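*Asks:* The following block contains the structure, expressed as structure tokens.
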Amino acid sequence: MYELETPRPATAVGRWSAMSADGPMPAVPETGSGSDETYDAMVDVEATDPREELEKTEYRTDLGIEMAEDARRVSNGALSSAAYWEKYDGDAAAEFGEAYRETPNPAVDCADGTIDDETAESLGCSVGTMASIAEGLEGSESESDGENGDDTRWGMVIDLQKCIGCESCTVACKAENRTPPGVSYNVVMEREEGEFPNVTRTNVPRPCMQCENPPCVQVCPVSATYKMDNGVVNIDYDRCIGCRYCMVACPYDARYFDFGENYDGEFEEAGELSSPEYGMDRGSREDGESPIGNVRKCNFCHHRLERGEEPACVETCVGDARYMGNLEDTDSEVNELASSSRAFQLKEKEGTDPNVYYLK
Amino acid sequence: MATQTQTVTGRLRGNRLRIVWYVLLIALLAIGAYGGYLRVTEGLRSTNLTSTVPWGAWVAFYIYFVGLSAGAFLVSTLSNVFEVEGMHEIEREALFVAVVSMIVALTFVMVDLGRMDRLWHPFAWRQPLSVLSWEVHAYALYVVVLSGELYFSMRGDLVATSETDDGLRGRIAGLLTLGRTDTSQEALETDRTWLKRLGIVGIPLAIVFVHGGTGNLFAVAAARSYWFSALFPVIFITSAVVSGMALIALLYVLRARLGGRTLDPALLERMAALFVGFVALDASLKVLEAFVGLYSLHPGDVETWLTIATGEMWWSFWLVMVGLGWVAPLVLLHRRDWRRRPTFVAAAGASVVLGVVGTRFNIVVPAQIEPALYGLPTGEYVPSTPEWLLSLGIVALGALLLTIGTELLPLVPRGETHD
């Protein structure tokens, strides 16, 4: 199964691996006295003849063999990834054309890329992270399903009549996003009005509003925070310089600075895992590493949305007060609720046009 | 004979004073270094900043020193652009103060960043609509313009110094001439022309971008209604001019007292009159701003003004900003003969230099105390000890640069020294 060995353009991987899947199915091997030779032999039984397999495709066999061989040398360290891509960039572009140029090259990964930015710049293909490729694949899948087309605009509706102020959303959010002390993407604001016996109490949960006209995006000097096509306001932790201008500009105080504090000793494995926010796995929480020193905020649990799940606060809500969906889709529940006469947005006069609606 | 003895004792006293001054600066730098160590090892945890009040002392000092720089620069243009008589004497000093203030301001920006290691990001990635992005570029350009002006202003004297002085001063002067050693009338005339050109570029840069722009940083934050006013950047500029003039006047008197330079009472009076005029303008604009805000009865404005005037830090408004910043200079300099007295001008200068610090703190902090939404926590902020220590160190760094520059560079035009 050589397709797992080395990075290469996703299109090519897709086509080649699809071919080898037609080959013999792996059998359950009998491992009596497992020595290295027995395992090697088992692999040999499974192996298909690469030349034969490649002949079945419309692409050049010799190029495929050559690339695969060099790819092995990359994985055992004899050849650098950068040299590999410099060598094959031209051929691959000629062979795969448009598809090559448009598919992100996973060799360039933000966290620990195997080739440097300069080489990446010189390549004919576009470059991206593993996450961006995964997203691209998911996007194309869902598009073919007819849901979540490119005109998705994620929105949330919160029914204040149903909210009981239990703060499970706040807790679920903390657990899901593993936010440190002092950072809480979701809070519930409580307001008591009137005098006894005519007293009302309203609980207003406050996630990030994912504004259509976000003031935070407008002020960021390095474009580290920006609006995605699906309406979610993103933060690029690897670009953010921590100037906190966005926090000052936010009319909802929805942004938090990660001072690097931890729940050390308060529960087991505190800080050993971080949430895969924006689809990026950052491993354990380490001093001086992003997102410490960055600004953070609710992103509608973007990583959950990407895998077809509702944000943690929506899923956990005891009173079923929160709704999540595509505001562009006129058949969706959120679209219907957001258009009701009960619907309002926080601080409408600010002109930010939040994608979070409340029902009076 | 008698004069000779006086000079010698004067020099001895001067030397002792100099040693004390350097020891003081080094002590302050050491204290600052400890603050810096805490800042680096603990990150912004070493501050009293919170997510409710994300901007604090370092931002206040940053805008203070940007203001000082813009103010000092505008004083220098009185000489080289507007050709106000007698101002030539203080032109270079003003330019040098402007450069050093910018260095101090940008150091405060750096230590305030959550990720100091990404200081270069604003030059690699931009956001065409971000005022802060414009500012970063304006600051860089402004420092280049200031350095260029200082060069053209000093070059003739640098050449002379490098020729007459064999020591460190001469060698540094030689390097700083950048190889242009022509001191013919024609070459000096070219210097003067370029100085004026740079000054003309510098004026809109300093007013509109460097300082008006810094005011804009706050004014465009519509979420904070206390800042959200078009008068805000204008007040930034007036208080910048006030603080810059105050410092230049103070330095002028100090240098004269310590370095045996004779004071020109006419120049002193001219500076003091301009200075007091700007103090009055600054105070009036601020009163106007407060009036509109309070009259609106908008909660954001009213609550912030109440925080400023009656909150925990009431003294920083009444005593520092109003007392030291406005009342003291107006009282000290309201009479014509008082404006000719160096002690009075220096006292008023010192008072305003301190008072405007209060102005800057009262811009940055109070607007963040009231939460943006009802039910969110109310902010609370007083700078932490590491914040004070590091601030002290950074200011001392500025003072050290200023002192070294004064010692080594011909900041006082040669031939006009009276020694």
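*Asks:* Of the residues A:Val187, A:Val171, A:Val183, which single one is surrounded by fewer than 18 Cβ atoms within 10 Å (Cβ to Cβ) and either modelled with pLDDT of 95 or more or within 14 Å of another protein chain (Cβ to nearest Cβ) (or both)?
*Replies:* A:Val171
*Asks:* Given (1) more than 8 Å from chain B (Cβ to nearest Cβ); (2) over 23 Å from the mean Cα position of the chain (by Cα); (3) of a type in the set (Lys, Arg), identify the lone condition not met by A:Lys227.
*Replies:* (2)
*Asks:* Please give the helices (runs of 4 or more DSSP H) falling wholly within segment B:69-170 in which 2 or more residues are within 15 Å of the chain's Cα centre (by Cα), surrounded by fewer than 23 Cβ atoms within 10 Å (Cβ to Cβ) and in contact (Cβ under 8 Å) with a residue 40 or more places away in the chain.
*Replies:* Of the helices (runs of 4 or more DSSP H) lying wholly inside segment B:69-170, those with at least 2 residues that are within 15 Å of the chain's Cα centre (by Cα), surrounded by fewer than 23 Cβ atoms within 10 Å (Cβ to Cβ) and in contact (Cβ under 8 Å) with a residue 40 or more places away in the chain span B:88-112, B:131-164.
*Asks:* Can you tell me which residues in segment A:258-287 are free of Cβ contacts under 8 Å to residues at least 40 places away in the same chain and either within 14 Å of another protein chain (Cβ to nearest Cβ) or within 15 Å of A:Ile235 (Cβ to Cβ) (or both)?
*Replies:* Result: A:Asp264, A:Pro276, A:Glu286, A:Asp287.
*Asks:* Suppose we keep only residues that are of a type in the set (A, V, I, L, M, F, W, C) and facing another protein chain (nearest Cβ under 7 Å) within segment B:367-383. Which one would you say is farthest from A:Tyr252 (Cα to Cα)?
*Replies:* Per the stated criteria, the residue is B:Leu376.
*Asks:* Would you confirm whether or not segment A:50-58 contains a residue that is in the same structural domain as A:Gly97 (by TED's automatic domain parsing), touching a residue at least 40 places away in the same chain (Cβ under 8 Å) and over 26 Å from A:Glu121 (Cβ atoms)?
*Replies:* Looking for residues that are in the same structural domain as A:Gly97 (by TED's automatic domain parsing), touching a residue at least 40 places away in the same chain (Cβ under 8 Å) and over 26 Å from A:Glu121 (Cβ atoms), one finds at least one in segment A:50-58, hence yes.
*Asks:* Might you let me know whether segment A:332-340 holds any residue that is in contact with a Ser or Thr (Cβ under 7 Å, 6 or more places away or on another chain), more than 14 Å from every other protein chain (Cβ to nearest Cβ) and aliphatic (A, V, I, L, M)?
*Replies:* Within segment A:332-340, not a single residue is in contact with a Ser or Thr (Cβ under 7 Å, 6 or more places away or on another chain), more than 14 Å from every other protein chain (Cβ to nearest Cβ) and aliphatic (A, V, I, L, M).
*Asks:* Among the residues in segment B:363-372, are any assigned to a loop (DSSP other than H, G, I, E, B) and in contact with a Leu (Cβ under 8 Å, 6 or more places away or on another chain)?
*Replies:* no
*Asks:* Kindly check whether there is at least one residue in segment A:287-305 that is assigned by TED's automatic domain parsing to the domain that holds A:Cys240, among the basic types (Lys, Arg) and touching a Lys or Arg at 6+ places or on another chain (Cβ under 6 Å).
*Replies:* Within segment A:287-305 (the criterion being assigned by TED's automatic domain parsing to the domain that holds A:Cys240, among the basic types (Lys, Arg) and touching a Lys or Arg at 6+ places or on another chain (Cβ under 6 Å)), the answer is yes, since at least one residue qualifies.
*Asks:* Out of B:Val242, B:Val234, I need the residue that is surrounded by fewer than 24 Cβ atoms within 10 Å (Cβ to Cβ), farther than 16 Å from B:Thr403 by Cβ and within 20 Å of the chain's Cα centre (by Cα). Which one?
*Replies:* Within the list B:Val242, B:Val234, the selection yields B:Val234.
*Asks:* Quick one: how many residues across segment A:165-184 are over 11 Å from A:Asp258 (Cβ atoms) and more than 17 Å from the chain's Cα centre (by Cα)?
*Replies:* 11
*Asks:* Scan the helices (runs of 4 or more DSSP H) fully inside segment B:179-295 and keep the ones with 3 or more residues being more than 14 Å from every other protein chain (Cβ to nearest Cβ) and within 30 Å of B:Ala372 (Cα to Cα).
*Replies:* B:231-259
*Asks:* Something else now. Among the residues of segment A:246-257, write down those that are farther than 17 Å from B:Leu44 by Cα and within 7 Å of another protein chain (Cβ to nearest Cβ).
*Replies:* A:Ala249, A:Cys250, A:Pro251, A:Tyr252, A:Asp253
*Asks:* In addition: Which is touching a helix residue (DSSP H, G or I) at 6+ places or on another chain (Cβ under 6 Å), in contact (Cβ under 8 Å) with a residue 60 or more places away in the chain and farther than 20 Å from B:Gly277 by Cβ, of B:Leu188, B:Leu195?
*Replies:* B:Leu195
*Asks:* Every residue in segment B:398-413 that is surrounded by fewer than 19 Cβ atoms within 10 Å (Cβ to Cβ) and not hydroxyl-bearing (Ser, Thr, Tyr), please.
*Replies:* Of everything in segment B:398-413, those that are surrounded by fewer than 19 Cβ atoms within 10 Å (Cβ to Cβ) and not hydroxyl-bearing (Ser, Thr, Tyr) turn out to be B:Ala399, B:Leu400, B:Leu401, B:Ile404, B:Gly405, B:Glu407, B:Leu408, B:Pro413.
*Asks:* Just to be sure I understand, how many residues within segment B:321-356 are of a type in the set (Val, Ile, Thr), in contact with a helix residue (DSSP H, G or I) (Cβ under 6 Å, 6 or more places away or on another chain) and farther than 21 Å from B:Thr262 by Cβ?
*Replies:* Residues that pass the stated criteria total 3.
*Asks:* A further question on this structure: Could you list, in sequence order, the residues of segment A:303-360 that are under 19 Å from A:Val232 (Cβ atoms) and in a strand (DSSP E or B)?
*Replies:* A:Arg322, A:Tyr323, A:Met324, A:Gly325, A:Asn326, A:Val356, A:Tyr357, A:Tyr358
*Asks:* Got a sec? Which of A:Val219, A:Val233 is more than 9 Å from every other protein chain (Cβ to nearest Cβ) and touching a Cys at 6+ places or on another chain (Cβ under 7 Å)?
*Replies:* A:Val233
*Asks:* Given (1) under 30 Å from A:Ala343 (Cα atoms); (2) aliphatic (A, V, I, L, M); (3) without any contact (Cβ under 8 Å) to a residue 60 or more places away in the chain, where does A:Ala321 come up short, assuming only one miss?
*Replies:* (3)
*Asks:* I'm told A:Ala321 meets every condition in (1) in contact with a strand residue (DSSP E or B) (Cβ under 7 Å, 6 or more places away or on another chain); (2) within 14 Å of chain B (Cβ to nearest Cβ) except one. Can you identify the failing condition by its number?
*Replies:* Unmet for A:Ala321, out of (1) in contact with a strand residue (DSSP E or B) (Cβ under 7 Å, 6 or more places away or on another chain); (2) within 14 Å of chain B (Cβ to nearest Cβ): (2).
*Asks:* Here's a follow-up. Out of (1) in contact with a Pro (Cβ under 8 Å, 6 or more places away or on another chain); (2) modelled with pLDDT of 95 or more, the odd one out for B:Ala328 is which?
*Replies:* Single failed check for B:Ala328: (1).
*Asks:* Could I ask something else about it? Which residues, taken from segment B:31-68, are without any contact (Cβ under 8 Å) to a residue 12 or more places away in the chain and more than 14 Å from every other protein chain (Cβ to nearest Cβ)?
*Replies:* Within segment B:31-68, just B:Tyr37 meets the criteria.
The values are calculated or read from the model by the stated rules, or taken from the named source; none is laboratory data. Being a predicted model, the structure only gives us computed values, none of them experimental. Every residue, glycine among them, receives a Cβ derived from its backbone with ideal geometry; neighbour counts consider all protein chains shown.
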